[in-house]
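Written below as structure tokens is the structure these notes are about.
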Amino acid sequence: MYTIAPERLPAEIAPGEEDAVRVATYLSLFRADSIVHDLEAVRLYLTQYVENKKWSLLGQSFGGFVATTYLSYYPSSLAEVFMTGGLPPIKRTAHEVYARTFATLRKRNEAYYKKFPEDVKRVRRIASFIHNSDPTTHSIPLPAGGRLTVPGFLALGIAFGTHGGLDEVHNTVLRMDTDLEIFGFLTRGTLAAVEAGIAWEGHPIYALLHECIYFANPSTRRAEVGEEEVPEPGWAAYQVGALDPHFSWLRGDEAISSLLSSPETPLYFSGEMIFPIHISSSPSLSPFLGAANLLSNPRSPIFSSAFPLYDPGQLSNNRVPVYALSYIEDMYVDISFARETASMIKGIKVLETNGFYHDAVRSRAEEVLGLLWRLRDDEVD
């Protein structure tokens, strides 16, 4: 198994503002193309004395994106490929991806408040406390040194796309609201629990490179949408979400104040999206904001000669057995875009199901892997 989950960025790339291009260029080497080149180097080393030099891949979520890149450029190295919730939106821009994922996120918020209607008031009470605690920063300090903003609190919604995620968020909201009711403030233990659910410091590569995983061929410098709509592309998730009335809190402190002044309006949680405020409010990531701005822009000079992530021609002539499990209710990987990509990969076998959420390979591993093996062995009716 090959895993990239660094807890910290290398100290030698700690930037000053003038170093943003250098740092962003370095961080861009953590995209799927570089991961695939590294994987191939590992395979060549491990199999140098092995007669059968092919290996099999299992890619979950972004791992499926990586596997598709591997299929594009080193198909002769692969015996078979398995994917779970990981067919990438090859033909789609970041704006198109987020338009779909925000739509699914709205439905998950509706499901949350339908299940826990009393949380409408609780979430608003918590958000009001955070927003009004400090009139300058509209935030409260976190145990590890960062600051909790309303957008940071609402980022707990990333759990909505997982098994038990609605209950998980509800339990945190209930704990926070109980603190306010009993003590009038959020206790350190509660804040530490909240921090563990939203702190991007522990996942810096995810946070800083999240948007550019959707830049399939950024060297074309294609505009994400029409020039008149987005004269300066970048931070697609922010641009898409800020236009949605349900997520108008993205527009800043005045918009949050306006939302909080309307007592009946539910505050919608965000999902897997990364916004500039997530970077700027994090003590370990804020020095990288300049680099993050470049990494979120498909026209950035750091992508001028970027390696295309996929080869549609190779995929259309694919001869490697590929087995994919797609989740109809996936909050992070849109099912319609997954179908579109599946139609581009020759010979792929896909099983779609509404019985799992995105994290099923972790939370229900035996069932998921059993389905994949049955799909491979033609036992799925």
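Those residues that are open to solvent by 30 Å² or more (accessible area, probe 1.4 Å), touching a Leu at 6+ places or on another chain (Cβ under 9 Å) and either β-branched (Val, Ile, Thr) or assigned to a loop (DSSP other than H, G, I, E, B) (or both), I need them from the stretch 155-204; list them, please.
Those that are open to solvent by 30 Å² or more (accessible area, probe 1.4 Å), touching a Leu at 6+ places or on another chain (Cβ under 9 Å) and either β-branched (Val, Ile, Thr) or assigned to a loop (DSSP other than H, G, I, E, B) (or both): Thr172, Ala199, Glu201.
Can you tell me which of (1) assigned to a loop (DSSP other than H, G, I, E, B); (2) in contact with a Pro (Cβ under 8 Å, 6 or more places away or on another chain) is the one Ser262 doesn't meet?
Ser262 satisfies all of (1) assigned to a loop (DSSP other than H, G, I, E, B); (2) in contact with a Pro (Cβ under 8 Å, 6 or more places away or on another chain) except (2).
Please determine whether any residue of the stretch 45-67 is at pLDDT 95 or above, in a helix (DSSP H, G or I) and touching a helix residue (DSSP H, G or I) at 6+ places or on another chain (Cβ under 6 Å).
Within the stretch 45-67, one or more residues are at pLDDT 95 or above, in a helix (DSSP H, G or I) and touching a helix residue (DSSP H, G or I) at 6+ places or on another chain (Cβ under 6 Å).
Yes or no, residue by residue, for (1) in contact (Cβ under 8 Å) with a residue 24 or more places away in the chain; (2) part of a helix (DSSP H, G or I); (3) over 16 Å from the mean Cα position of the chain (by Cα):
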| residue | (1), (2), (3) |
| --- | --- |
| Val97 | yes, yes, no |
| Arg100 | yes, yes, no |
| Ala103 | no, yes, no |
| Lys107 | no, yes, yes |
| Ala111 | yes, yes, yes |
| Lys114 | no, yes, yes |
| Pro117 | no, no, yes |
| Arg122 | yes, yes, yes |
| Arg125 | yes, yes, yes |
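When you scan the stretch 74-94, do you find a residue that is assigned to a helix (DSSP H, G or I), of a type in the set (Lys, Arg) and more than 27 Å from Leu371 (Cα to Cα), even just one?
For the stretch 74-94, residues assigned to a helix (DSSP H, G or I), of a type in the set (Lys, Arg) and more than 27 Å from Leu371 (Cα to Cα): absent.
If we keep just the residues of the stretch 30-56 that are open to solvent by less than 30 Å² (accessible area, probe 1.4 Å) and among the aliphatic types (A, V, I, L, M), which is nearest to the chain's Cα centre (by Cα)? Outline the logic, then answer.
Going residue by residue through the stretch 30-56, those that are open to solvent by less than 30 Å² (accessible area, probe 1.4 Å) are 31-36, 39-40, 43, 47.
Subsequent filtering for residues that are among the aliphatic types (A, V, I, L, M) retains 32, 35-36, 39.
Values: Ala32: 14, Ile35: 17, Val36: 19, Leu39: 22 Å.
Checking each candidate, the answer is Ala32.
Which residues, taken from the stretch 134-147, are in a strand (DSSP E or B) and either among the small types (Gly, Ala, Ser) or more than 16 Å from Gly202 (Cα to Cα) (or both)? First the steps, then the outcome.
Taking the stretch 134-147 as the starting set, the residues that turn out to be in a strand (DSSP E or B) are 140-141, 147.
Within the stretch 134-147, Ile140, Pro141 meet the criteria.
Mind checking which residues of the stretch 94-140 are open to solvent by 60 Å² or more (accessible area, probe 1.4 Å) and within 16 Å of Ser270 (Cα to Cα)?
Arg100, Arg106, Lys107, Glu110
Which residues, counting only those in the stretch 279-296, are among the polar types (S, T, N, Q), closer than 24 Å to Leu142 by Cα and in contact (Cβ under 8 Å) with a residue 60 or more places away in the chain?
So the first thing to find is which residues in the stretch 279-296 are among the polar types (S, T, N, Q), and the list is 280-282, 284, 286, 293, 296.
The next check asks that each one be closer than 24 Å to Leu142 by Cα; those that pass are 280-282, 284, 286.
Once the filter is applied, which keeps residues that are among the polar types (S, T, N, Q), closer than 24 Å to Leu142 by Cα and in contact (Cβ under 8 Å) with a residue 60 or more places away in the chain, the stretch 279-296 yields Ser281, Ser282, Ser284.
The values are calculated or read from the model by the stated rules, or taken from the named source; none is laboratory data. These numbers were taken from a predicted model, which means no experiment stands behind them. With ideal geometry, Cβ positions are generated from the backbone for all residues, glycine too; neighbour counts draw on all protein chains shown. Ligands, DNA and RNA are stripped out before the accessible areas are found, and what is left, the full protein with its side chains, is counted by its heavy atoms. Shrake-Rupley method; radii C 1.70, N 1.55, O 1.52, S 1.80 Å.
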